[in-house]
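Here is the structure we will look at, set down as structure tokens.
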Amino acid sequence: MSLILDVKNLTKRFGGVVANNDISFDVKAGEILGIIGPNGAGKSTLFDLITNFQTPDSGHVFFQGREITGLRPDRISKLGIARTFQKLKPFSDLTVTENVMVGALARTPHMPEARNAALEALAFVDLLEKRNHFARELSTGQRKRLELARGLAMEPRLILMDEVTGGVDQRTIPGLVELVLELKRRGTTIVTIEHNMQVMMRISDRILALYAGRRIAFGPPQEVSNDPAVVDAYLGGTPDAA
Amino acid sequence: MPSDQARMLEAARAEPLWPKPPAWATALGAVGAAVLLAYPLLITSTFAQHTMILIFLYAVMAQSWNVIAGLSGQISLGHAMFFGIGAYTVGVLDTKFGITPWIGIVVGMLLAALAAVAVGIPTLRLKGHYFAIATLLIGSSVQIIFARWDWVGAASGLFLPLKRGSPWLDFQFHTSKVPYYYLSLAVAVLAFLVVWRLRRSRLGFRLQALRDDADAAASLGIAVARHKVLAFMISGAMMAAAGSFYTQYVLVLDPERVFSIDISIIVVLMTVVGGSGTLWGPALGAALLVPLSEYSRIWFGSTGRTIDLMIYGALIVAICMWRPSGLLSLFAERIRRRAASP
């Protein structure tokens, strides 16, 4: 399989804190890559660096063989990278359908076409019945699905999902997992940040484990979950670099 | 379950893209249009006609501010700068070069759009309150520049030459306010249509998206800074058209008046009182505040100027407390909600 995303030696410092320390990994086209790590490990920062919402201090990002380091976020998303945000960012004063239409309008200028694409994306995330509500009226779980639908409406090649199952009603998790797997079947490449290890082990083709800004493991789920550094990180020891 | 989804998707697609206004709104609109068209024929008081002309012009100005602030969320406190550019463009082109105001209006709109680019590129990329502060200061600076600029009459401004040729060619009507009435009504309708169209276009969706969350907008491929500048250009051009028209109406202009900070503030008040970001809010705000100001001036004589400001202040406080999203939300929320219920 060909590489869709290739991340090389990304580093980001905030004052004295190194949020991402020389992180390298790659994503194969069509796979699900899971990113795990305790709070503050640098997972969301990594998404911000890839999409250049924060500029890396050093390192490089390649998307489909092309270097995208330092490109404006809107340019990067236009190349085919969608993302959700850990801190949700709905367009509060627009309706649910209008929110998703903004995503669809990235690839079509026609309003009726964008509307139909938006409705399809909403049906996909099972949010269709809320379509005419304002985004600000949705629950957290619904907002997460809204954000997912908004990104999917762009028909991205790669989607970066930040904790889609975090903080939602436990009963909705199987549905969300099924949704991610269906997305993969449709050919979208997925990088997902999750705290839920069971979910992660089940859906991921490979897992990247971060701890205190460093990569401590990278590989197939079984391998990563048995890695002593990962076990240590999750059981509260001091990790050795993998 | 899948068939349920399919059925719901089918039903959703069958809904109109834009919800139809309720019958009472359509009826109200038709009656309103008829009243506005017949008004100057039925009511011949020039003061009453003058008040309506001002309402239309202020509706254009408020609608202009609505584009940059209501749709795009960028608070401009220097909008008089565009009004003045429109005013001076028709004034200078007419007095210095004898060019008809019809061309002057278009040139003024283009110059205002250019000014919006010049001001917008450095300031609109900033987040937070910097844009508001920058426009406030630039607006005042422009006023001072024109007040010192001898070629355009410095502080005393310009008097447009009275013309005796064809009133329609010269855009001067000395005997009646009725032509001004219909012209200003037409300009107001045009401004209204611009916003109506914008709100249903990709550009309008993008502006509202970046207003609500700039990062999320960028993550969906929207070039945030460029779109803000674009909105500022449209807004500036609309404001300039109102400035040009106003100048043709009073045939005199001076920097004190056309670059006045009062203009920058009143467009904010009108839009916020009526409903920022809405289609009808700016017109509603103009229709409430212009008569308030004009009639208080009559009733209270020379002291009226302060009394209307006091009423404005009370109104703003009341709106902030009870209707922060503007008076129009009294109706609009209800309409949208009805459309929303399945």
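The values are calculated or read from the model by the stated rules, or taken from the named source; none is laboratory data. Computed from a predicted model, the values in this text were never measured in an experiment. As a convention, Cβ positions derive from the backbone with ideal geometry for all residues, glycine included, and neighbour counts pool all protein chains shown. The accessibility values were calculated without ligands, DNA or RNA, using every heavy atom of the protein model including side chains. Shrake-Rupley method; radii C 1.70, N 1.55, O 1.52, S 1.80 Å.
A few points about this structure:
- Selection count where residues are in a helix (DSSP H, G or I), farther than 23 Å from B:ILE222 by Cβ and touching a helix residue (DSSP H, G or I) at 6+ places or on another chain (Cβ under 8 Å), scope the stretch A:143-173: 2
- Residues in the stretch A:36-52 that are among the β-branched types (Val, Ile, Thr), under 15 Å from A:LEU158 (Cα atoms) and not in a loop (DSSP other than H, G, I, E, B): A:ILE50 alone.
- Unique residue being within 29 Å of A:GLN198 (Cα to Cα) and touching a Leu at 6+ places or on another chain (Cβ under 6 Å) when the list is A:VAL27, A:VAL7: A:VAL27
Per-residue answers, yes or no, for (1) closer than 30 Å to B:ALA30 by Cβ; (2) in a helix (DSSP H, G or I):
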{"site": "B:TRP151", "(1), (2)": "no, yes"}
{"site": "B:PRO161", "(1), (2)": "no, no"}
{"site": "B:ARG164", "(1), (2)": "no, no"}
{"site": "B:PHE173", "(1), (2)": "yes, no"}
{"site": "B:SER176", "(1), (2)": "yes, no"}
{"site": "B:PRO179", "(1), (2)": "yes, yes"}
{"site": "B:TYR182", "(1), (2)": "yes, yes"}
{"site": "B:LEU185", "(1), (2)": "yes, yes"}
{"site": "B:ALA188", "(1), (2)": "yes, yes"}
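- The stretch B:90-110: number of residues that are under 23 Å from B:ILE121 (Cα atoms) and in contact (Cβ under 8 Å) with a residue 60 or more places away in the chain: 3
- Residue in the stretch A:129-141 that is farthest from the other protein chains (Cβ to nearest Cβ), counting only those that are in a helix (DSSP H, G or I) and surrounded by fewer than 23 Cβ atoms within 10 Å (Cβ to Cβ): A:GLY141
- Subset of the stretch A:91-118 (residues that are part of a loop (DSSP other than H, G, I, E, B) and at the interface with chain B (Cβ under 7 Å from one of its Cβ atoms)): A:PHE91, A:SER92, A:ASP93, A:LEU94, A:LEU105, A:ALA106, A:PRO109
- Single residue of the stretch A:76-90 satisfying the filter (over 15 Å from A:ARG131 (Cβ atoms) and within 8 Å of chain B (Cβ to nearest Cβ)) that is most open to solvent (accessible area, probe 1.4 Å): A:LYS78
- Hey, A:THR55 open to solvent by 50 Å² or more (accessible area, probe 1.4 Å), more than 8 Å from chain B (Cβ to nearest Cβ) and part of a loop (DSSP other than H, G, I, E, B) or not: yes
- Any hit, the stretch B:32-40, residues being on the phi > 0 side of the Ramachandran plot and open to solvent by 10 Å² or more (accessible area, probe 1.4 Å): no
- Total residues in the stretch A:25-43, condition surrounded by 21 or more Cβ atoms within 10 Å (Cβ to Cβ) and modelled with pLDDT of 95 or more: 5
- Any hit, the stretch A:78-86, residues being without any contact (Cβ under 8 Å) to a residue 40 or more places away in the chain and either part of a helix (DSSP H, G or I) or within 30 Å of B:SER276 (Cβ to Cβ) (or both): yes
- Conditions (1) away from chain A (no Cβ under 14 Å); (2) in contact with a strand residue (DSSP E or B) (Cβ under 7 Å, 6 or more places away or on another chain); (3) more than 24 Å from B:ILE105 (Cα to Cα); number of the one not met by B:SER219: (1)
- Among (1) closer than 21 Å to A:LEU128 by Cα; (2) touching a residue at least 40 places away in the same chain (Cβ under 8 Å); (3) surrounded by fewer than 20 Cβ atoms within 10 Å (Cβ to Cβ), the one test that A:MET111 misses: (2)
Let's see how each residue does on (1) touching a residue at least 40 places away in the same chain (Cβ under 8 Å); (2) more than 30 Å from B:ILE138 (Cα to Cα); (3) under 22 Å from the mean Cα position of the chain (by Cα); (4) not in a helix (DSSP H, G or I):
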site: B:ALA6; (1), (2), (3), (4): no, yes, no, no
site: B:GLY29; (1), (2), (3), (4): no, yes, yes, no
site: B:GLY32; (1), (2), (3), (4): no, yes, yes, no
site: B:TYR58; (1), (2), (3), (4): yes, no, yes, no
site: B:GLN63; (1), (2), (3), (4): yes, no, yes, no
site: B:LEU77; (1), (2), (3), (4): yes, no, yes, yes
site: B:PHE82; (1), (2), (3), (4): yes, no, yes, no
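- Checked against (1) farther than 21 Å from B:ASP4 by Cα; (2) of a type outside the set (Lys, Arg); (3) buried (at least 18 other Cβ atoms within 10 Å of the Cβ), A:ASP169 passes all but condition (3).
- Residue list for the stretch B:1-60, filter: within 14 Å of another protein chain (Cβ to nearest Cβ) and among the aliphatic types (A, V, I, L, M): B:MET1, B:ALA6, B:MET8, B:LEU9, B:ALA11, B:ALA12, B:ALA14, B:LEU17
- Residue within the stretch B:214-233 that is charged (D, E, K, R), at pLDDT 95 or above, more than 30 Å from B:GLN49 (Cβ to Cβ) and not in a helix (DSSP H, G or I) present: no
- Here is the figure for the stretch A:59-73: residues that are more than 23 Å from A:VAL18 (Cα to Cα), open to solvent by 10 Å² or more (accessible area, probe 1.4 Å) and not in a loop (DSSP other than H, G, I, E, B) total 2.
- Residue list for the stretch B:15-30, restricted to those being of a type in the set (D, E, K, R) and open to solvent by 60 Å² or more (accessible area, probe 1.4 Å): B:LYS20
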